[in-house]
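To start, the structure itself, in structure tokens.
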Amino acid sequence: MKKTSLFVSAALFLFAGMAYAHGPVRAKMTASITIDAPAAKVWDVIKNYDDMSWLPSVRSVTGEGTNNKGAIRTLHLANGGTITEELKAYDASKFAYKYKITEMSSIGTLKHAGQDEHIPVLPVGNYAAEISVTDKGGKAEVEWVATYYRAYVNNNPPAELNEEAADKAVTDVLTSGLTNLAKKVGASAGSVNIEIKR
């Protein structure tokens, strides 16, 4: 009985250690808001890939001025950082487009496990997203779906680069963006609904 109990205890300890020390797991965050305005009016605010004036954290954008697949835009953030993104798909008939982060500046470094680790302006890795506007009985439902990993690729991430940091940063971007989009349209809106799956 002692041997069995010891084995079970060791297995539980090992499992707990593995759960804590796992590598990055892909997250899918869906943020949505219903805005009391026609879908076409809301789409009109976000339809130009190089126009991110509706996102509070973005100071300006430089880009190619097109909505063609492969177009590159660089977001110049209010905090001085930059994020470069590539347009992966664009469908004006469905009021939707997809994009992916290809490069980010860092806000500093930290020492972790004997290494200097860069802290990107958005603490995520392999970030891709889609934003779409759908008509729901004369109102616009905006859905912003982001998939990403935490920024730290090895086990035992530092707090600045773990899942919680990634989730908080992405939640902040999507929530502030959708809330401000409603203000930009000049319409009332419900609260932003957030759902995360791993």
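Give me the number: length gained by fully extending residue 106 to residue 179, i.e. 0.36 nm times residue separation minus the C-alpha to C-alpha distance, one decimal in nm.
23.7 nm
Between region 131-173 and region 68-111, what's the alpha-carbon centroid distance in Å?
Taking the Cα centre of each part, region 131-173 and region 68-111 sit 14 Å apart.
Among (i) 18.5, 65; (ii) 20.1, 72; (iii) 17.6, 52, which is the computed Rg and Dmax of the Cα atoms in Å?
(ii)
Quote the charge dipole size of the chain about the Cα centre in Debye, to the nearest 20; the model charges only the Cβ of Lys and Arg (+1) and of Asp and Glu (-1).
My answer is approximately 540 debye.
Test of understanding: what is the full-extension gain from residue 156 to residue 79, defined as 0.36 nm times their sequence separation minus their Cα-Cα distance?
24.9 nm
Could you calculate the FRET efficiency of residue 67 with residue 168 from 1/(1 + (r/R0)^6), where r is the beta carbon distance between them and R0 is 30 Å, rounded to 0.05?
The value I calculate is 0.45.
Okay, helix-only estimate at 222 nm for the chain: each DSSP H run of n ≥ 4 adds -39500 (n - 2.57), divide by all residues, round to 500 deg cm²/dmol; what do you get?
-8500 deg cm²/dmol
Tell me, in nm to one decimal, what length is gained between residue 26 and residue 88 on full extension, where the rule is 0.36 nm per residue of separation less the Cα-Cα distance?
20.4 nm
Readers should treat all values here as calculations from the given coordinates under stated rules, not as data from a laboratory. As the structure is a prediction and not an experimental result, all values here were calculated from the model. Methodologically, a virtual Cβ is constructed for each residue, glycine included, from the backbone with ideal geometry; neighbour enumeration extends over all protein chains shown.
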